[in-house]
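To keep things clear, I will list the structure first and then write my remarks on it.
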Amino acid sequence: MMLNMSFSERLVINTGQQEWLSSPALGVWRKPLEREAKESGHTTSIVKYEPGSRFQSHPHPAGEEILVLEGVFSDETGDFPAGSYIRNPPGSQHAPFSKEGCTILVKLNQFSPNDLKPVRINTRNTDWLPGIGGLQVMPLHEFEHEHVALVKWPAGEIFQPHRHFGGEEILVLSGTFQDEHGTYPAGCWLRSPHMSQHSPRTEEETIIWVKTGHLPVE
């Protein structure tokens, strides 16, 4: 059941064109992007909770990272509306549910064992910071070489060619992201390997979730 686990390969998946697959929980659906094993190990997915659906309490031995894309995601620690960024560290446990339904990006079992800080950020009421050129950046987390942020690109922005030590992962949240390899509308997930290079640009205002420095060096 392994899927897309060769980190030396560049991947582009338009999640809007994928079919929803059932999960072990009734009313919870998934679009797998990368997966080490069927229900364990390194996993990245888009997950949809129908209204009133829930998962039984379960542990995350190597952590869980969530970005709420639509609706309201909940567990025993609170309710997290669209735009919420959540990190549950290694060894954490919860019983997630959604009263009204939600869609989330979920990354499982990808934490350093020493990355133990829980994170709860509502990006809808967090300030943007100035970035390079016309970019605006909202840092979400960093640990050792790993950096996670939202980046807002103004229309017509062209960024300098650059490489990514430890790779880069992007989810396009709004607008359209571009580089010399292609054009990526909202919902596209990109994974680029260690020391990959590109020259990104945008023609319309675009917001991406981006993570760098975290992929294995093969």
Over the Cα atoms of the stretch 1-105, what radius of gyration and what Dmax do you get, in Å? 13.6, 40
Mind giving me the nanometre distance, one decimal, between the label points for LYS99 and THR176, set 7 Å out from Cα along Cα→Cβ? 4.0 nm
Per residue solvent-accessible surface (Å²) - the stretch 128-217, probe of 1.4 Å: 44 Å²
How much space per residue, in cubic angstrom, does the convex hull of the C-alpha atoms of the stretch 98-161 take up? 166 Å³
Which far-off residues, 5 or more places away or on another chain, put their amide H under 5 Å from the one on LYS99, with H placed in the peptide plane? GLY52
List, in order, the whole-Hz ³J(HN,Hα) value for each residue of the stretch 7-20 obtained from phi through the Karplus relation with A = 6.51, B = -1.76, C = 1.60 and θ = phi - 60°; use x for Gly and Pro. 7, 8, 9, 7, 10, 9, 10, 8, 5, x, 9, 7, 8, 6
For the chain, what's the relative contact order in percent, using C-alpha pairs closer than 8 Å and at least 6 residues apart? 19 percent
Using a 1.4 Å probe on the protein chains only, how many percent of the accessible area of the chain belongs to carbon and sulfur? 53 percent
Size of the dipole of the stretch 137-218 about the Cα centre, Lys and Arg at +1 and Asp and Glu at -1 on the beta carbon, nothing else charged, in debye to 20? 20 debye
Working only with C-alpha atoms, what are the Rg and Dmax values of the stretch 145-197, expressed in angstrom? 11.3, 30
Rounded to whole Å and ordered largest first, report the semi-axes of the equivalent ellipsoid of the stretch 45-107 derived from its Cα gyration tensor (root of 5λ). 17, 13, 10
For the stretch 124-218, compute the orientation-averaged projected area of the C-alpha convex hull (one quarter of its surface), in nm². 5.9 nm²
Highest mean packing first, using Cβ neighbours within 10 angstrom, the peptides 10-23, 161-174 sort as 161-174, 10-23
Quick one: Debye curve from the alpha-carbon atoms of the stretch 56-165 only, equal weights, vacuum; give me log10 I(q)/I(0) at q = 0.11, 0.15, 0.22, 0.24 Å⁻¹ to two decimals. -0.42, -0.73, -1.25, -1.36
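The values are calculated or read from the model by the stated rules, or taken from the named source; none is laboratory data. Bear in mind the structure is a predicted one, so any value in this text is a computation, not a measurement. Don't worry about glycine lacking a Cβ; one is built from the backbone with ideal geometry, like all the others, and counts go over all protein chains shown. The protein model used for the area step is the full one, side chains on, heavy atoms only, and it has no ligands, DNA or RNA in it. Shrake-Rupley method; radii C 1.70, N 1.55, O 1.52, S 1.80 Å.
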